[in-house]
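The structure under discussion appears below in the form of structure tokens.
The values are calculated or read from the model by the stated rules, or taken from the named source; none is laboratory data. None of these values were measured; they are calculated from a predicted model. Every residue, glycine among them, receives a Cβ derived from its backbone with ideal geometry; neighbour counts consider all protein chains shown. All accessible areas refer to the heavy atoms of the entire protein, side chains included, with ligands and DNA or RNA removed. Shrake-Rupley method; radii C 1.70, N 1.55, O 1.52, S 1.80 Å.
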Amino acid sequence: MEKKKFQSISIAALIVSILPLTALAPSLLHFSLSNGIRTVWAGANIVFVLLGLILSIVCVRSKESRSVINIASTAISVFWALLMVGIVALALFLTFV
């Protein structure tokens, strides 16, 4: 039962980790979004990255539940988190320089 629980959480973590890629869809389809929709989309992406990171870490912490899916979702989530931190750091640097 515990293995099945971690398996469903790991699949959810992988899906949530990939969801920020949907932000590219409007630009690929040549849609222009209003400022309000872009703000909501950015907030949703932040939530998806944090949720994916938390779910991935929960699954990877247990040695019995480690799998390729868990490791891949953790790597994707860490990449998104580092990208977000880098963008914030660059924005702060450019603001104060």
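Among the residues making up segment 1-22, a single one is open to solvent by 40 Å² or more (accessible area, probe 1.4 Å) and touching a Phe, Trp or Tyr at 6+ places or on another chain (Cβ under 7 Å): L19.
The criterion of being in a helix (DSSP H, G or I) and buried (at least 16 other Cβ atoms within 10 Å of the Cβ) does not hold for F79. For segment 34-45, the set of residues classified as surrounded by 14 or more Cβ atoms within 10 Å (Cβ to Cβ) and either polar (S, T, N, Q) or closer than 21 Å to A75 by Cβ (or both) consists of N45 only.
Taking the listed residues V68, V97, V78, the one that is modelled with pLDDT of 90 or more and of a type outside the set (S, T, Y) is V78, with no other qualifying. Within segment 39-97, the residues that satisfy the criterion of being of a type in the set (G, A, S) and within 15 Å of the chain's Cα centre (by Cα) are A42, G43, A44, G52, S56, A72, S73, A75, S77, A81, G86.
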